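Worksheet for the structure shown next.
The values are calculated or read from the model by the stated rules, or taken from the named source; none is laboratory data. What you see is a predicted model; the values in this text were computed from it and never measured. Cβ coordinates were reconstructed from backbone atoms using ideal geometry, including for glycine residues, and neighbour counts include every protein chain displayed.
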Amino acid sequence: MRPILELRDVHRTYRIGESTVHALRGVSLIVEQGEFIAIMGASGSGKSSLLHILGLLDNPDKGEYRILGNNVNTLSGDEQAGLRNNVAGFVFQQFHLLRRMTIVDNVRLPHIYSGLKGDFRQEAARRLALVGLEKRIDHTPNQLSGGEQQRVAIARALVRDPLLIFADEPTGNLDTKNSYEIMKILKGLHEQGKTIIMVTHETDIAAYAERVITMRDGTIVTDERRESPERKSIPAETARFDLHAGGRRTLLQSGRFAVFMAQAFQSILSNKVRSLLSVLGILVGVASVIAMMALGEGAKAAMQQQLKSMGSNLLSVRGGSAKIRGAASGAGAVTRFTVKDVEAIASLGSLVKNATGVVSGSGQTVFENKNWNTNLEGAGYDYGVMRSAIPTIGRWFSREELQKREKVAIIGVTVAKELFGTGNPIGRTIKINRINFKVIGIAPVKGFSGPRDEDDIVIIPLTTAMYRVLGKDYLSGIFVEARQSSGIERTKNTISELIRKRHRLHHDDDSFNIRDMTEIQKMLTSTTETMSMLLGSIAAISLLVGGIGIMNIMLVSVTERTREIGLRKAIGARKNDIMLQFLVESVGLTISGGVIGIMIGIGVSLLLSLFAGWAVKTSIFSVVLATVFSVITGLFFGLWPARKAAELNPVEALRYE
Ligand code: ADP
Ligand code: MG
């Protein structure tokens, strides 16, 4: 017989606060291939401690332990996990089956840590047949009696065809009849050549073994062999074992990863309400990211549409400094433009296609008993074409009407609605600032520009506005249409020079400004950007809070499943396996939250467009971004709980109550 396990003067001390417990005080032991050993002794004598060290669930503080010729002091944690998976099977007093899985899944569990490909259902079913449970393979542990559960645990210990079986009081929780069944199975395994080391404190159970070791106070006091003639010689294949089997597994090895995914979703779904509550933060964060980006994109698209309708070669010349929005705030001089300026600019024929003056003011409009305060715009003849204001219902005013200062008006749809409701305004007479005007057209719908209703407007001929209604002899501004969009800068400079010459202004005088549409666009985008930033920070905060929620629930989950983690480690899970399992679960949670959040976000933006009339546009980019964010949140906040789980000591985890 050659030794497969060899302990030399092994010590194990536990430290609880100030005091220390010497569980093992110099144990030496040689175990040979094919032995059936019972370890006996009073409670607290160190039996389990010894078994844990033999099974690589724990390591000695002092002394040497060789398993299959390997000194365990030189083996890393992962190598020991690999050995447990390959050469050892464990049977515990408390069975340690995973409640959420069917028994066939419980039995094949060691295989996901073996690095071998396949689903191993057949193998598991065969082991279950061996213990007489082939008809119950799709039951869950809760549907089985204690004796049956222990038989499942034995089937699980056998699924990797181990050389060694470690059993810690396997019949401790069973009645006599079930104990007998279990011992019959173990005896049969021994007869097939398995090496079995079993802890028990019952003499009649120990009687099944060939060798009985008795312990007291952390030392071996007796070690008796009973000769048994039928003991098999070592099967030839027993030397088989590979320390590094599965050592080259990649982290995301497909089979294993899929199993973890399935288990993660099973775990998430088995706690539906808790999972939903814990992803609420992520859900809100993602929903607001989606809604925010849909609004931003929608506003941008609407704005571009509007700019296009304004004409892209349009320049706006206004009095006052460009730095102060609007005109005179008392801070500086304001150039007052006249119709002569318009004519001068219009005569720059090679650069300028059209120029028109405008004068703005407010208008009190009255029709019958309704009145409405609106924006009054006095416009030159070319304004209609340049600003796409030619009515589709009714008509624009003629050059003659402009010259004669006729009292004709083109009204925006908002004004039409306020004064006439559903009635036809064309040809009716309204009062603007107490003067009678004839409505000749309805201006095309422009919608909103920021908070401003572009349809709340009345357009009348420039001359009428200046001299009859507003009493101003200067313009509020001039619109210029450049000939080519490429020469915008040059056109602006030329106009600027012209105005400086005409008004005798210094070079650095900023009493007027010229804007083109790109600048106006920039101004508008900066407002929407501010909005986006605001919503973005709300989203970031909810993702942060949501992430902390995830971390919290994952910590709870790790604590709840401490014994499961211990069991998984006992059957060969490495640190990375446990890490991956919990990371997959936390990312699974955040992705689920993210997906619901995306749907709610899209729903909210649709509602906003439907009921509030806001322009929205959900982009694929925002959906991708939200998904990436939820994955990152899951990874980031799942990392700590997952590491905590991975670092657990298998023995302590198994003992956790
Ligand atoms: P047995 O299995 O023979 O009942 P154990 O090997 O479980 O005994 O324990 C031996 C001694 O070590 C006992 O006094 C026990 O209280 C102590 N002990 C075992 N495990 C731990 C632990 N994780 N922390 C502290 N003390 C422990
Ligand atoms: Mg014990």
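Points worth noting:
- Against the criterion of being at pLDDT 90 or above and within 30 Å of S48 (Cα to Cα), L589 does not qualify.
- The helices (runs of 4 or more DSSP H) falling completely within the stretch 571-657 that include 1 or more residues that are within 16 Å of ligand 1 (Cβ to nearest atom) map to 650-655.
- Near pairs, Cβ below 8 angstrom, 6+ apart or cross-chain, from the stretch 411-426 (closer than 18 Å to I460 by Cα) to any residue that is part of a helix (DSSP H, G or I): I411/L419; P425/A416; P425/L419
- Qualifying residue in the stretch 483-500 (condition: at pLDDT below 90 and closer than 30 Å to V439 by Cβ): no
- Of all residues in the stretch 440-464 being touching a Leu at 6+ places or on another chain (Cβ under 9 Å) and among the hydrophobic types (A, V, I, L, M, F, W, C), the one that is surrounded by the fewest Cβ atoms within 10 Å (Cβ to Cβ): I457
- Count of the stretch 119-158 residues which are surrounded by fewer than 16 Cβ atoms within 10 Å (Cβ to Cβ) and under 39 Å from the mean Cα position of the chain (by Cα): 7
- A Cβ distance below 8 Å, combined with a sequence gap of six or more or placement on separate chains, defines the contacts here; from the stretch 208-226, residues that are touching a residue at least 24 places away in the same chain (Cβ under 8 Å) reach residues that are among the aromatic types (F, W, Y) and more than 15 Å from ligand 2 (Cβ to nearest atom) in the pairs Y208/F36; A209/F36; E210/F36; R211/F36.
- Within the stretch 478-492, considering residues that are part of a helix (DSSP H, G or I) and of a type in the set (D, E, K, R), the one nearest to T338 (Cα to Cα): K492
- Selection from the stretch 91-112 of residues that are out of contact with any strand residue (DSSP E or B) (no Cβ under 9 Å at 6 or more places or on another chain) and among the β-branched types (V, I, T): T102, I103, V104, V107, I112
- With respect to (1) over 25 Å from D453 (Cα atoms); (2) crowded, with 19+ Cβ neighbours inside 10 Å; (3) touching a helix residue (DSSP H, G or I) at 6+ places or on another chain (Cβ under 7 Å), the lone exception for L348 is condition (2).
- For the stretch 125-172, a tally of residues being within 16 Å of ligand 2 (Cβ to nearest atom) and in a strand (DSSP E or B) returns 3.
- Set D119, D78, D105: member being assigned to a loop (DSSP other than H, G, I, E, B) and away from ligand 1 (no atom under 13 Å from the Cβ): D119
- Once the stretch 30-70 is narrowed to residues that are β-branched (V, I, T), within 16 Å of ligand 2 (Cβ to nearest atom) and part of a strand (DSSP E or B), the residue that is farthest from V87 (Cα to Cα) is I39.
- Qualifying residue in the stretch 11-25 (condition: in a loop (DSSP other than H, G, I, E, B), away from ligand 2 (no atom under 16 Å from the Cβ) and in contact with a Leu (Cβ under 9 Å, 6 or more places away or on another chain)): no
- I550 being surrounded by fewer than 24 Cβ atoms within 10 Å (Cβ to Cβ) and assigned to a helix (DSSP H, G or I): no
- Residues of the stretch 32-74 classified as away from ligand 1 (no atom under 16 Å from the Cβ) and free of Cβ contacts under 8 Å to residues at least 24 places away in the same chain, total: 5
- Subset tally (residues that are more than 31 Å from the chain's Cα centre (by Cα), within 23 Å of Q143 (Cβ to Cβ) and away from ligand 2 (no atom under 16 Å from the Cβ)) for the stretch 71-105: 3
- Boolean, I196 is out of contact with any Pro (no Cβ under 7 Å at 6 or more places or on another chain) and modelled with pLDDT of 95 or more: yes
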